[in-house]
């Protein structure tokens, strides 16, 4: 996911990254384990696979910045699930949350 924050949003990136580093695994891994279990994996296997999820914070790609002349790029979020209806519903919740966010450029 690539995010462009509005100028003057008041978000300090380092503390924000640290909060995400803690919150993402706490929220996503249990959710993913439950999802995998609902789709047929054993609890042990679902938990083991969810523990393989990693989160990273990498700087913006300089080549992309040069090619777009530094203009903000859209956020790309990929939602995948074996169930299309679940994927669509989750993607719509993400979109609604993004639209509410005042710190994301539109």
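The values are calculated or read from the model by the stated rules, or taken from the named source; none is laboratory data. Keep in mind that what you see is a predicted model, and the values were worked out from it rather than measured. When we count neighbours, we look across all protein chains shown, and the Cβ atoms used for this are built from the backbone with ideal geometry, even at glycine.
Here are the numbers for the structure shown:
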item: Within segment 31-106, helices (runs of 4 or more DSSP H) holding 3 or more residues that are surrounded by 13 or more Cβ atoms within 10 Å (Cβ to Cβ) and at pLDDT 70 or above; result: 43-50, 84-100
item: Matching residues, segment 1-30, being over 13 Å from the mean Cα position of the chain (by Cα), under 19 Å from residue 95 (Cβ atoms) and not in a strand (DSSP E or B); result: 4, 6
